[in-house]
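Here's the structure we're looking at; comments come further down.
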Amino acid sequence: MADRLWFDNLVVVLSLFSDSRPGSSDSFLLGLAFKSLGYDINKIGVSVIECGEKTRLPLFIKVCQSIGIPFNVAIDVDILLIAT
């Protein structure tokens, strides 16, 4: 992770699905979304880091904060359905 953070202008930390793993389609799709808006994430210095489970988010956030890299977090919303 650190090798992708040091020279970036922005980091997007993903925790979208419980089965997310490095190289999954989440980061690829986010790259395509940027591209459709006319941005090349490599040229503008945006890294997409998949952290997996939401319990790992605090670690990634602390790393970004400690080295002064701006970041955004993209997560899915787990919904608890309670039967009545």
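The values are calculated or read from the model by the stated rules, or taken from the named source; none is laboratory data. Bear in mind that the values here come from a model prediction, so they are computed numbers and not experimental data. As a convention, Cβ positions derive from the backbone with ideal geometry for all residues, glycine included, and neighbour counts pool all protein chains shown.
Brief remarks follow.
- Every residue from the stretch 57-76 that is surrounded by 13 or more Cβ atoms within 10 Å (Cβ to Cβ) and over 22 Å from ILE44 (Cα atoms): LEU57, ILE75, ASP76
- Residues in the stretch 31-60 that are among the hydroxyl-bearing types (Ser, Thr, Tyr) and within 16 Å of LEU10 (Cα to Cα): TYR39, SER47.
- Residue check, SER27 out of contact with any Ser or Thr (no Cβ under 8 Å at 6 or more places or on another chain), among the polar types (S, T, N, Q), within 15 Å of VAL13 (Cβ to Cβ) and surrounded by 13 or more Cβ atoms within 10 Å (Cβ to Cβ): yes
- Looking across the stretch 35-58, the residues that are at negative phi and more than 13 Å from the chain's Cα centre (by Cα) come down to LYS35, SER36, LEU37, TYR39, ASP40, ASN42, LYS43, ILE44, THR55.
- Considering only residues in the stretch 9-56 that are of a type in the set (S, T, N, Q) and part of a helix (DSSP H, G or I), the one that is modelled with the lowest pLDDT turns out to be SER25.
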